[in-house]
4 protein chains.
Amino acid sequence: MPDYKFKLDFQVRHYECDMQGIVNNGVYQNYLEHARHEFLKSLGIDFAEFVERKINLVVVRAELDYKNPLSSGDIFWVGLNFERVSRVRFAFLQDIYKYPNDQIVMNAKIIGTALNERGRPSLPQQIESAFSVC
Amino acid sequence: MPDYKFKLDFQVRHYECDMQGIVNNGVYQNYLEHARHEFLKSLGIDFAEFVERKINLVVVRAELDYKNPLSSGDIFWVGLNFERVSRVRFAFLQDIYKYPNDQIVMNAKIIGTALNERGRPSLPQQIESAFSVC
Amino acid sequence: MPDYKFKLDFQVRHYECDMQGIVNNGVYQNYLEHARHEFLKSLGIDFAEFVERKINLVVVRAELDYKNPLSSGDIFWVGLNFERVSRVRFAFLQDIYKYPNDQIVMNAKIIGTALNERGRPSLPQQIESAFSVC
Amino acid sequence: MPDYKFKLDFQVRHYECDMQGIVNNGVYQNYLEHARHEFLKSLGIDFAEFVERKINLVVVRAELDYKNPLSSGDIFWVGLNFERVSRVRFAFLQDIYKYPNDQIVMNAKIIGTALNERGRPSLPQQIESAFSVC
């Protein structure tokens, strides 16, 4: 298991499970997104404030490897690392583990960029600074 | 069954069902909301444009009577009527019926208002006009 | 503010907010449902186990009064009381308050029943016992 | 644009959009999943029936390339191709295009398998037959 810059605990809610009794595919992206926002917040980056300044952080590519399913009531955590992948792109390396034994649930790589007011990729200073911290 | 000013067809999607194999409680509000937006659009009222003008249509109260559940793949329709209930409030009377026999699924009454830029209840002219059409 | 038999803390997640920048109407039902399940769990009642025994706890009616909106990142709590309303029906009285000042967000009354394997309303012993505790 | 074995039309619903005014990342997986289920249904394969027979179709890996965002009210379609990728794995190649000009919205590759009653990968006969049709 890699070292993670950021970790966040979650619990599966009933309405997130589908008729197979397991968490529906799309819901994992919600977990990952929430973990990313909380990570950014921990660096003093407020997503909603970016939206108001017309800076949009957007996902460019998502790679999700489903290893083991989560079920209703399961307690789990998301581990996150953050790195630059090009001049205007960054990657969140996010893995999900189930308590109590840290069974792997998902490996994910989320590539993103920031779009400025004119819709052009351009990383704001706060994101640039985040790389040096991570 | 009442006469409805507006009707909209839907199909239940798998991810809307929970582990009981039926549509989850909260999802019905999504169906009702979408039907309201399409109804307003049919009157030339664009919800997103309202948001840009800082006019927010908001729900004040929802009464939902769950009569029969919907399951994955079910085809159903929402019937809608619209009426003024006070100077600054309006009601959507919305019922859901399942095809092919129009079995009742839900009776709903959704009370709403419009908040202007300063957050005060105030109905825009387009909503006022909608009452006279309905 | 009433005394509550059960309380649960939440935080608004970004994906729960719509283009108005506030939590979408239907999402509040998700919060309420999760609080009900956690309450039942605190009494030793496992919703998933009921589903396996073909006992379905279902919502019959929901009354939701929207008082003030929640926004992305808001911390809030759900207070819950539970009472019998008829031989086969029970009510969850659920209110949502926003931290740090306990501003009221929503008052809700959720009426439910239990359906046995043949789809008939019938309260299992564990629910009957819950009334005496509450 | 490739030839597609299956196409399905959709319309963005308001509640699927987040505070950036565009469809939230996780929602695209819902669209893709619904298109897959409708495709399987068109071949006579009923997902819910599989669940009852304890055969679970599961996603093993998802690759999603976000090309252009969808906004509230947008009309779009999902194109789908289906192919075997190994003895027990299959792939859905799914692309999303926006009307009226077929602007590309997303390219997706969803790898799946089927788990039998004992949780082992094993493709049921109906899936095997689907390959020869596609």
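Quick note: the coordinates plus some simple rules give every number you see, no bench work behind them. Computed from a predicted structure; not experimentally measured. Note that we place each Cβ from the backbone using ideal geometry, even for glycine, and neighbour counts take in every protein chain shown.
D:Arg53: net charge of surrounding residues, Cβ under 12 Å, Lys/Arg +1, Asp/Glu -1, itself excluded?
Combined, the nearby Lys, Arg, Asp and Glu give -3.
Every other copy gets compared here: list the nm distances from the A:Glu52 label point (7 Å along Cα to Cβ) to its counterparts, shortest first, one decimal.
For A:Glu52, the inter-copy label distances come out at 2.2, 4.9, 5.3 nm.
Considering every Cα-Cα pair within chain B, what fraction, in whole percent, is farther apart than 24 Å? Write out the running numbers ahead of the final one.
Numbers: 2808 of 8911 pairs.
Tail fraction, whole percent: 32.
Assume the label is 7 Å from Cα along Cα to beta carbon: what separations in nm does A:Phe131 have to the matching positions in the other copies?
Listed shortest first, these distances are 4.4, 5.8, 6.5 nm.
Find, among the trypsin sites (Lys or Arg not before Pro) in region D:1-59, those assigned to loop by DSSP (not H, G, I, E, B) with at most 12 other beta-carbon atoms within 10 angstrom.
Here the trypsin sites (Lys or Arg not before Pro) that fit, given the DSSP loop and packing criteria, are D:Arg53, D:Lys54.
Beyond 31 Å between alpha-carbons counts as too far, so tell me which of B:Lys5/B:Lys54; A:Lys7/D:Lys41; A:Lys98/C:Lys54 fall in that bin.
Result: A:Lys7/D:Lys41 exceed 31 Å.
What is the Cα centroid distance between region B:60-134 and region A:14-51, reported in whole angstrom?
Computed from Cα coordinates, the inter-centre distance equals 30 Å.
7 Å along Cα→Cβ for the label point: how many nanometres lie between C:Asn107 and each equivalent label in the other copies, listed shortest first?
2.3, 5.4, 5.6
Cα axis of helix D:25-42 to longest principal axis of chain D: angle in degrees, 0 to 90, nearest 10?
It works out to around 50 degrees.
Under a point-charge model restricted to the Cβ atoms of Lys and Arg (+1) and Asp and Glu (-1), what is the dipole moment magnitude of region B:6-133 relative to its Cα centre, in debye to the nearest 20?
Dipole size: approximately 500 debye.
Output the relative contact order of region B:73-120, whole-number percent, from Cα pairs under 8 angstrom with separation of 6+ residues.
32 percent
Grab the DSSP H runs of the protein assembly as shown that are 4 residues or longer, score each as -39,500 (n - 2.57), total them, divide by all residues and round the 222 nm result to the nearest 500 deg cm²/dmol.
-7000 deg cm²/dmol
Under a Cβ-only charge scheme (Lys and Arg +1, Asp and Glu -1), can you give me the dipole magnitude of the protein assembly as shown about the Cα centre, in debye to the nearest 20?
Charge dipole, the protein assembly as shown, about its Cα centre: 0 debye, nearest 20.
Are there chymotrypsin sites (Phe, Trp or Tyr not before Pro) in region C:76-127 that DSSP marks as loop and that have at most 11 other Cβ atoms within 10 Å, and which are they?
Numbers: sites: C:Phe76, C:Trp77, C:Phe82, C:Phe90, C:Phe92, C:Tyr97; in loops: none.
In loop regions of region C:76-127 (DSSP not H, G, I, E or B), there are no sparsely surrounded chymotrypsin sites (Phe, Trp or Tyr not before Pro).
Can you give the net charge of the other residues whose Cβ lies under 10 Å from the Cβ of C:Gly21, counting K and R as +1 and D and E as -1?
Numbers: positive: none; negative: A:Glu52, C:Asp18, D:Asp18.
That sum, taken over residues with Cβ under 10 Å, equals -3.
Of all the C-alpha pairs in the protein assembly as shown, what % are more than 47 Å from each other?
In whole percent, the share of Cα-Cα pairs in the protein assembly as shown beyond 47 Å is 9.
With an 8 Å Cα cut-off and a minimum separation of 6 or more residues, compute the relative contact order for region D:6-133 in percent.
This gives 27 percent for region D:6-133.
Could you list D:Ile127, D:Ile104 so that the one with the fewest beta carbons within 10 Å of its beta carbon is first and the one with the most is last?
If I rank by nearby Cβ atoms, fewest first, I get D:Ile104, D:Ile127.
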